[in-house]
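Beneath this line is the structure, given in structure tokens, with notes to follow.
The values are calculated or read from the model by the stated rules, or taken from the named source; none is laboratory data. Everything quoted here is computed from the prediction, not taken from an experiment. Note that we place each Cβ from the backbone using ideal geometry, even for glycine, and neighbour counts take in every protein chain shown. We work out accessible area using only protein heavy atoms, side chains counted, and drop any ligands, DNA or RNA first. Shrake-Rupley method; radii C 1.70, N 1.55, O 1.52, S 1.80 Å.
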Amino acid sequence: MKIALLTDGIHPYVIGGMQKHSYYLAKELAKQGHSVYLFHCNESAYDATQLEFFSAEEKANIKGFLIPFPRKNYFPLHYIYESYKYSQAIANALEPVLPEMDFIFAQGFSAWDLLNKKKLKNLPPIAVHFHGLEMFQKIPSVKSIINSFFLRRAVRKNLTMADYAISYGGKITAILNRIVDKSKIWEIPAGIEKSWFLDTAPTVSNKVRFVFIGRYERRKGIPELNEAITGLLRDHSFSFEFIGDIPQKHRVLYPTIKYHGKVTSENEIKQILSHCDVLVCPSYAEGMPNVIMEAMACSLAVIATNVGAVSVLVDQDNGWLIKDPAVKSISGAMQAAMAIQDNSLQQKKINSSAKIKNGFSVEEVTNKLIIKVINI
């Protein structure tokens with residue numbers, strides 16, 4: 001099958017959850033023998049034309065098209081404008097090979113221009129994936145509220161023109177049901193490479209070890225997390241590690257709180273996670289976070305907000321699903337993790353590992369997509 005994969009970058013040429021998803025999808029499709037026409041951009045110092053993060057076997061089935069993302073000087077709603085211009089550049093590059101394509105998988109706005117021309121051209125089926133649809137979720141920021149208003153209009157336009165809309169499940173499907181007919185929605189979870197799966201049995205120390213992974217942005221709930229940590233330090237003994245660029249002024253200074261900064265090496269992240277017990281992900285808005293899947297693969301229990309498709313991954317068997325990222329909610333879940341008796345925390349860690357291995361490997365997830373395409 002010939003599949004055009006349109007995306008605003010793949011890992012590690014561009015860093016982000018959508019980019020990592022695109023990377024895994026391209027690898028697995030190529031590995032399975034499908035011809036992947038990869039339209040992407042590069043924001044790194046690597047030579048993205050070489051596709052050096054793919055194996056020789058995979059590269060034999062990937063034809064890369066490098067499209068510069070049209071970054072302009074900042075102005076209100078610049079991202080929407082730039083995304084549309086990027087979709088135009090992709091459409092122009094795709095034009096010569098378009099008749100050969102069996103299917104088009106588009107991340108975000110990357111098929112916008114193609115969709116506009118859909119009535120004028122005989123196009124293959126197009127599935128659009130907006131991942132977390134964060135613009136339809138609640139984010140406590142005036143700037144985010146304003147941006148979300150305009151983003152919602154653009155996203156609705158793309159989704160209604162597409163043949164299919166990809167959902168991670170959970171509350172993402174509920175959002176999509178308000179925009180498109182349910183017959184157009186394909187529920188396909190995110191996947192994780194089997195190299196993340198650890199075979200060693202998880203252990204729990206006397207002092208619970210928490211960890212947060214992510215960049216500093218308001219929707220991640222870091223101010224509330226910091227307040228919860230500060231309050232708990234008065235009467236509880238625990239350690240907490242942060243992986244990600246957290247500005248100095250937003251750090252909690254305490255001997256048992258450690259900041260690793262930005263870590264890009266998967267092996268280093270695995271090493272840190274292997275010494276932790278519980279991932280804390282108190283976001284206001286998410287899709288299906290890679291950090292939760294990676295933590296589960298490393299046998300961590302999870303505290304996370306019930307947003308996006310998080311409930312597909314986290315429940316009472318492997319963690320604590322909190323209703324909101326309020327300080328009280330975060331603090332209560334952390335206290336529950338520290339108060340847990342017997343081997344219950346260890347069992348939650350075991351359950352996390354078992355759950356992610358059963359149905360969330362990149363191979364299984366890609367097979368679900370292929371089955372959907374074949375049955376069109």
Along the charge dipole of the chain, pointing to its positive end and built from +1/-1 on Cβ of Lys, Arg, Asp and Glu, which listed residue (Tyr46, Leu25, Gly132) has its Cα farthest out? Gly132
Students sometimes get this wrong: rank Tyr259, Tyr46 by accessible area, probe 1.4 Å, all chains present, largest first. Tyr46, Tyr259
Could you order Tyr74, Tyr86, Tyr23 by accessible surface area, starting with the largest, using a probe radius of 1.4 Å? Tyr74, Tyr23, Tyr86
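Less than 11 Å Cβ to Cβ from Met338, Lys/Arg counted +1 and Asp/Glu -1: what total charge do the surrounding residues give?
Value of the local net charge: 0.
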What's the longest uninterrupted piece of the chain once you rule out the trypsin sites (Lys or Arg not before Pro) that are loop residues per DSSP with at most 15 other Cβ within 10 Å? 1-70
Setting aside same-chain residues fewer than 8 positions from Lys349, which lysines have a Cα under 24 Å from its Cα? Lys194, Lys207, Lys220, Lys258, Lys270, Lys323, Lys328, Lys357
Share of accessible surface on carbon and sulfur in the range 110-171, whole %, 1.4 Å probe and ligands ignored, is 57 percent
Compute a Gaussian network model of the chain, connecting alpha carbons closer than 10 Å, and tell me which residue from Glu241, Glu364, Glu95 fluctuates the most. Glu95
Hypothetical label at Ile374: residues of the range 176-196 whose amide nitrogen lies under 19 Å (7 Å Cα-Cβ projection): 186-189
Taking 0.36 nm per intervening residue step and subtracting the Cα-Cα distance, what contour gain separates Phe53 from Asp245 on full extension? 66.7 nm
Report the label-to-label distance for Lys182 and Lys63 in nanometres (one decimal), using points 7 Å from each Cα along the Cα→Cβ vector. 4.0 nm
How much accessible area per residue does the range 22-180 have, in Å², with a 1.4 Å probe? 47 Å²
Run the simple label-point estimate for Asp199 and Gln88 please: 7 Å along Cα→C-beta, distance reported in nm. 5.4 nm
Rounded to the nearest 500, the 222 nm mean residue ellipticity computed for the chain from DSSP H runs (n ≥ 4, each -39500 (n - 2.57)) alone is -11000 deg cm²/dmol
How far, in nm, would the chain grow between Leu120 and Ser311 when pulled straight, counting 0.36 nm per residue and subtracting the alpha carbon separation? 64.7 nm
Give me the net charge of Arg215's neighbourhood, meaning all other residues with Cβ under 12 Å from the Cβ of Arg215; Lys, Arg count +1, Asp, Glu -1. +2
Sorted by accessible area (1.4 Å probe), largest first, how do Met334, Met161 line up? Met161, Met334
Among Leu115, Leu51, Leu233, which one shows the highest mean-square fluctuation when the chain is modelled as a Gaussian network with alpha-carbon springs under 10 Å? Leu233
Would you kindly find the accessible area of Asp235, with a 1.4 Å probe and non-protein molecules such as ligands, DNA and RNA excluded, rounding to the nearest 10 Å²? 130 Å²
As a test question: what accessible area, to the nearest 10 Å², does Thr200 have when a 1.4 Å probe is rolled over all protein chains in place? 100 Å²
Using 0.36 nm per residue of separation minus the Cα-Cα distance, give me the extension gain between Ser141 and Asp342 in nm, one decimal. 68.2 nm
Say R0 is 35 Å: what FRET efficiency, to the nearest 0.05, do Asn358 and Glu95 get from their beta-carbon distance? 0.25
